[in-house]
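> Encoded as structure tokens, here's the structure I'll be asking about.
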Amino acid sequence: MAGLASDGSNPDVSLLYDINGLAKSAPPWFDRVMEFVGEWGIMLAMVMVVLWCWWSVRRRGSLTDSVSGVAGMIWAPLAAGIALLVNIPIRGFVERPRPFNDHEGIEVLVSGKTDFSFVSDHATMAMAIGVGLFVANRKFGLAAIGLALAEGFCRVYMGVHYPTDVVGGFALGTAVALLLAPLALALLTPVVSAVARSPRVGRLVRSRKADLPLTEAVDIPEPRIGSGENDLAA
């Protein structure tokens, strides 16, 4: 499988050299910035987007909407974790070496990468979070997907992944986040609804505006496909 990127005539390798070549011509300080952004910065930004999404969806007008939004928001990091687990056997089966092991002249900004290259864990996790958030809230989901695309570019720029490693990670993260969303939301929504009715921890789900008498039943929303910004996607 590593032969997929064995020579410079391969578009995958050509694009690798084109993107990674930018690191050679960039000033050292910019490469250090890209190293931090690609390794940690974007993932930290993803965490901030998830927290911002939680703060936003719990402040919606109705308790039902808050429960739906928080359940979808919780699914985003869970989808990322599941996608990373799925990637473990994929990496072991493909066994693709890192690009700097097979090709000369690669500018490597991060040392110590000894595992296999396909597929990119960073790209997988970032896109799973992005698509998972899109299930809960389209505005925040699009922002997170944009960050995921930037993460993929950074991984190639840093010389630690081929472009197809990143594309494979995007596909894996998207597949896990979308295909498992109906089951995940069916399991998460009753749990989040129970938390919302709790007088002690209910504020994690509902705001003051969404308060209802604790004896009042809360309808459990069903996952659905909608056109609104905050609709859940099945």
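> When ranked by the protection proxy of mean other Cβ atoms within 10 Å per residue, highest first, what sequence do the peptides 149-155, 24-30, 50-56 form?
Values: 149-155: 22.1, 24-30: 10.1, 50-56: 16.7.
Packing order, densest peptide first, comes out as 149-155, 50-56, 24-30.
> In addition: Using only the Cα atoms, work out Rg/Rh for the range 18-207, with Rh taken as the Kirkwood radius, to two decimals.
1.06
> Additional query: Highest mean first, what order results for 176-188, 36-48 on Cβ atoms within 10 Å?
Numbers: 176-188: 18.5, 36-48: 16.4.
The peptides rank, most packed first, as 176-188, 36-48.
> Order 63-73, 98-108, 164-174 from most to least packed using the mean count of other Cβ atoms within 10 Å.
The densest-packed peptide leads the list: 63-73, 164-174, 98-108.
Laboratory data are not the source of any read-out in this text; all were calculated from the coordinates shown. Being a predicted model, the structure only gives us computed values, none of them experimental. Heads up, the Cβs are rebuilt from the backbone with ideal geometry, glycines too, and the neighbour counts pull from every protein chain shown.
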